[in-house]
Amino acid sequence: MKALVIDAAASCMHIAAKNDDFKASISLDLGQKQSQKLLPSIDYILEQVDLKSSDLEYTALTSGPGTFTGLRLAFSALKAIELAHNVPVYGIPSLDAYAFPYSCFDGTVVSVIDAKKDQFFAAIYENGRQICEAEDTTAESVATKLDKSKKILLCGPDAAVFSEELKKIDSSLNLVVYASQPVPSDSLFTIAENMIEQKKESLADYDGPVYLRKSEAEIKLESAN
C-alpha cells in the first residue's frame, strides 16, 4: 500500500512513507525547529518513494498521549492531506504503537513516555493486550501494579529514564530495557493496515489528539478563574 505515518508523541519525531515494498524514513530531534521542518520533511520522504500526497491510500499517526506541540503538528499535517485528497487518517494510541513489537514477550510490557514533572504516560500489557490503560502517572504508582515474579520489559522513547526511577523504588524488579528502541513507523504501518483489513473507522473530522493532561494554558486559565 501507499502510506505516510508520523510519530510525534515524544521529543524525537519520526516520519515514514511506503510505496508498496519501498520505504523511507526520517527522524527529527530539533526542538522548536520541528514545526518548521515537518512539512518539508513530509515532502522529502514522499519524494524518496516516488509518491505525491494525492497518491496515498492512507495516513496514520500516534494519537497520544504525548507532547502537546508534536501531536498538534502531526494532526494538522495529516488532516490537511485528508482534506485536500480524501486520504483517511488512522489514529493509533502512542503507547500501543511502542508496545506492539513486543506482543509476544513472555512477561509484562510497560510502555512509557516521560511526561515531565516526575510524571510519565504509561500503560501495561501482557500477551499483546493492554491490562492497565494509559495514565498520566508516577513510577511509584506503576510499580504497585507490577508482578515481581515476571520479567518486565520497558519500552517507548523514555524506557531508560523510567527504568532508573523504578530501580530506585524496588531494586528487586526483573527489568528488561534494550539499549535502543525500534523506530515506531513499522508498527504504525502494520497496525493501520490491520485496522483497514478489519474495516475499522478512520479518524472523524472532529477527532483530535488524546492528551491525558491539561495544557499549561488551560491550567493557568482555571487558576485565574
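List the residues of segment 65-79 whose backbone N lies under 17 Å from a point placed 7 Å from the Cα of Ile26 along the Cα-to-Cβ direction.
73-75, 77-78
Given that just one value was derived from the coordinates, which of (1) 16.6, 50; (2) 17.9, 55; (3) 21.0, 66 is Rg and Dmax of the Cα atoms in Å?
Step by step, Rg and Dmax of the Cα atoms in Å for this structure corresponds to label (2).
Round to the nearest 0.05 the FRET efficiency obtained for Lys168 and Asp50 when R0 = 35 Å and r is the Cβ-Cβ distance. Don't jump to the answer; show the numbers that get you there.
Values: r = 50 Å, r/R0 = 1.43.
Step by step, r from the Cβ atoms, then E = 0.10.
Gain in length, Gln198 to Asp118, computed as 0.36 nm per residue apart minus the alpha-carbon separation, to one decimal in nm?
Answer, rounded to one decimal: 24.9 nm.
With runs of 4+ DSSP H residues as the only contributors, calculate the mean residue ellipticity of the chain at 222 nm using -39,500 (n - 2.57) per run, divided by the residue total and rounded to the nearest 500.
-10500 deg cm²/dmol
Normalised by the number of residues in the chain, what is the relative contact order in percent for Cα pairs under 8 Å and 6+ residues apart?
Worked out over the chain, it gives 19 percent.
State the percentage of accessible surface on the chain attributable to carbon and sulfur atoms; use a 1.4 Å probe and exclude ligands, DNA and RNA.
Numbers: 5830 of 11880 Å².
In the chain, the share of accessible area belonging to carbon and sulfur is 49 percent.
Roughly speaking, what is the centre-to-centre gap between segment 79-147 and segment 1-78 when only Cα atoms are used, to the nearest Å?
So the separation of the two Cα centres works out to 19 Å.
Students often get this wrong: which residues of segment 65-89 have the backbone nitrogen under 11 Å from the point 7 angstrom along Cα-to-C-beta of Gln36?
none
Just the Kirkwood number for segment 1-93, please: inverse of mean 1/r across all distinct Cα pairs, in Å, one decimal.
The Cα-based Kirkwood calculation yields 12.9 Å.
Work out from phi, with θ = phi - 60° and the Karplus expression 6.51 cos²θ - 1.76 cosθ + 1.60, the ³J(HN,Hα) of each residue of segment 107-119, listed in order in whole Hz, and give x for Gly and Pro.
Per-residue couplings from phi come out as x, 9, 10, 10, 9, 9, 10, 5, 9, 6, 6, 6, 10 Hz.
Keeping every protein chain present and rolling a 1.4 Å probe, give me the accessible area per residue for the chain in Å².
53 Å²
Work out the charge dipole of the chain with +1 on the Cβ of Lys and Arg and -1 on the Cβ of Asp and Glu about the Cα centre, then indicate which of Ile131, Ala115, Ser187 is farthest towards its positive end.
Towards the positive end, the residue furthest out is Ala115.
The values are calculated or read from the model by the stated rules, or taken from the named source; none is laboratory data. Everything quoted here is computed from the prediction, not taken from an experiment. Cβ: placed from backbone, ideal geometry, glycine included. Neighbour counts: every protein chain shown. We work out accessible area using only protein heavy atoms, side chains counted, and drop any ligands, DNA or RNA first. Shrake-Rupley method; radii C 1.70, N 1.55, O 1.52, S 1.80 Å.
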